[in-house]
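Visitor: Handing you this structure, nothing more for now.
The values are calculated or read from the model by the stated rules, or taken from the named source; none is laboratory data. All values derive from a computational prediction rather than experimental measurement. Here the Cβ positions follow ideal geometry from the backbone for every residue, glycine too, while neighbour counts run over all protein chains shown. With ligands, DNA and RNA removed, areas are computed over all heavy atoms of the protein, side chains included. Shrake-Rupley method; radii C 1.70, N 1.55, O 1.52, S 1.80 Å.
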Amino acid sequence: MMMLHRLSVALAALLLVPAALAGSLVLVDARGVAMAPGTLVPDDKPLTLPDGAQMVLIAEDGSQITLRGPFTGIPANVAGSQGGTVQALADLMGARATDTSALGAARDAGQPAPLPEPWLIDAGASGSGCLRPGHTLVLWRAAAQKQQSLTLMPADRGWTANATWPAGEQRLALPELPVQEGATFLLELDGNAAAITFHHLPDAVTTRKMVGGWLLARGCDRQARALLKG
């Protein structure tokens with residue numbers, strides 16, 4: 001219950017954001033727009049998107065703004081009418097709060113165990129993995145009682161690497177692994193397969209609220225929960 005209380009306090013702090021957004025937005029993803037993820041987009045200047053184009057942006061308060069073409073307008077003027085990522089984070093926490101045993105009961109409820117830190121990648125769960133550029137990729141496993149064999153390869157199966165995960169170790173650092181933005185890797189841990197697509201945190205995403213919003217926008221919700229817990 002003490003852990004749940006700390007999570008609730010942290011969530012309350014995240015939700016205390018100003019009504020109006022100010023400053024730059026960070027582009028998370030785009031379709032039909034010649035802009036790379038991580039680009040800073042002023043929130044007070046008009047944008048025009050053609051039909052079929054889409055932009056997903058993160059604001060300084062961590063909220064998510066999705067613009068779909070055809071669109072012409074100022075992003076800050078439409079931010080309040082859309083569901084923010086901070087609210088999505090609140091929804092995640094609300095779902096966890098229904099379990100009186102909080103985070104520790106996740107596995108008993110049929111859900112993956114919570115990550116102890118936000119920048120760990122669960123080697124046994126398919127989905128998205130979010131990384132900080134310049135930091136070593138660190139895999140994590142919930143159960144560390146026994147030694148396990150790890151096989152890793154890119155999605156095109158152009159090469160294969162093998163490693164031994166020692167008993168008693170929950171973490172396995174892979175400092176030599178080249179991980180590009182959007183790259184998908186296939187992992188097998190004692191025959192249990194997972195596919196993980198990696199995304200790099202843009203340099204422009206700096207504040208805790210923005211990081212949380214970016215993690216959720218990229219599908220790294222367990223990492224976002226770990227960030228909130230911390």
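Visitor: Under 13 Å between alpha carbons, and skipping anything fewer than 8 positions from Lys209 in its own chain: which aspartates and glutamates qualify?
Guide: Within the straight-line cut-off, Lys209 pairs with Glu60, Asp61.
Visitor: Tell me, in nm to one decimal, what length is gained between Arg208 and Ala155 on full extension, where the rule is 0.36 nm per residue of separation less the Cα-Cα distance?
Guide: 15.9 nm
Visitor: In terms of modelled amide H atoms, which long-range or inter-chain residues lie less than 5 Å from the amide H of Ala53?
Guide: Gly69
Visitor: Taking the Cβ of His199 as the centre, find all other residues whose Cβ is under 9 Å away and add up their charges (Lys, Arg: +1; Asp, Glu: -1).
Guide: Numbers: positive: Arg218; negative: Glu181.
Once positives and negatives cancel, what remains is 0.
Visitor: Around Asp122, what is the net charge, scoring Lys/Arg as +1 and Asp/Glu as -1 over all other residues with Cβ under 10 Å from its Cβ? Each step should come with its number before you reach the end.
Guide: Values: positive: Arg141, Arg222; negative: none.
Taking every other residue near Asp122 into account, the sum is +2.
Visitor: Which loop trypsin sites (Lys or Arg not before Pro) in the range 106-164, with loop taken from DSSP, have no more than 11 other Cβ atoms within 10 angstrom of their Cβ? Working shown, then result.
Guide: Details: sites: Arg107, Arg141, Lys146, Arg157; in loops: Arg107, Arg141, Lys146, Arg157.
Counting only loop positions with at most 11 other Cβ atoms within 10 Å, the trypsin sites (Lys or Arg not before Pro) in the range 106-164 are Lys146, Arg157.
Visitor: Restricting to DSSP loop positions (anything but H, G, I, E, B) with no more than 15 other Cβ atoms inside 10 Å of their own Cβ, which chymotrypsin sites (Phe, Trp or Tyr not before Pro) remain in the range 112-173? Could the numbers behind the result be given before it?
Guide: On the way: sites: Trp119, Trp140, Trp159; in loops: Trp119, Trp159.
In loop regions of the range 112-173 (DSSP not H, G, I, E or B), the sparsely surrounded chymotrypsin sites (Phe, Trp or Tyr not before Pro) are Trp159.
Visitor: Could I ask something else about it? Before I look further, what does the range 107-176 give for accessible area per residue, probe 1.4 Å, in whole square angstrom?
Guide: Details: 3980 Å² over 70 residues.
Per residue, the range 107-176 has an accessible area of 57 Å².
Visitor: Going through the range 122-226, which GluC sites (Glu not before Pro) have at most 16 other Cβ atoms within 10 Å and a DSSP loop state?
Guide: Answer in residue order: Glu169, Glu176, Glu181.
Visitor: Label Gln147 and Asn77 with points 7 Å out from Cα along Cα→Cβ: what is the distance between them in nm?
Guide: Taking the simple label geometry, Gln147 and Asn77 are separated by 6.6 nm.
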